[in-house]
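First the structure, in the form of structure tokens, and then the observations on it.
The values are calculated or read from the model by the stated rules, or taken from the named source; none is laboratory data. Everything numeric here is computed off the predicted structure, so don't read it as measured data. Positions of Cβ are backbone-derived with ideal geometry, glycine not excepted, and every protein chain shown enters the neighbour counts.
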Amino acid sequence: MPGQSFDCISGQQMFVQQNHAKPMKNDLPIKLRRLREWHGYSQEYVAFRLGITQAAYSKKETGKTVPSLMRLEQIARLYGITMTSLLETDTARLLGQLARCASRKIAETNAV
């Protein structure tokens, strides 16, 4: 059954499966690192865009600190996703959705 919508960079709406029966595993630090790497960004670049130091951002990726709601919103905007997707979508599924969105965007660009 479809759950929350996912807004990708291309503005397409996609639906994700959500299983609320199981407790959510906190994989946010891993997700932050994987999203950054998928986009080809350095920690320094992401930290600059968030207005924090690289050391402060590194602590978020290692789980030593938890991003504030404001930072989570900034991170979601940076990667072109909703905060709900950032927090609730499994890392592998989220990266797969981003890849499909990027492929669609490339196909649309090549069709022009």
Checklist outcome for this item: Sole miss for Asn26 among (1) part of a loop (DSSP other than H, G, I, E, B); (2) modelled with pLDDT under 85; (3) surrounded by 14 or more Cβ atoms within 10 Å (Cβ to Cβ) is condition (3)
Next on the checklist: Kindly evaluate Thr65 against the criterion of being more than 9 Å from the chain's Cα centre (by Cα) and not basic (Lys, Arg).
Outcome noted: yes
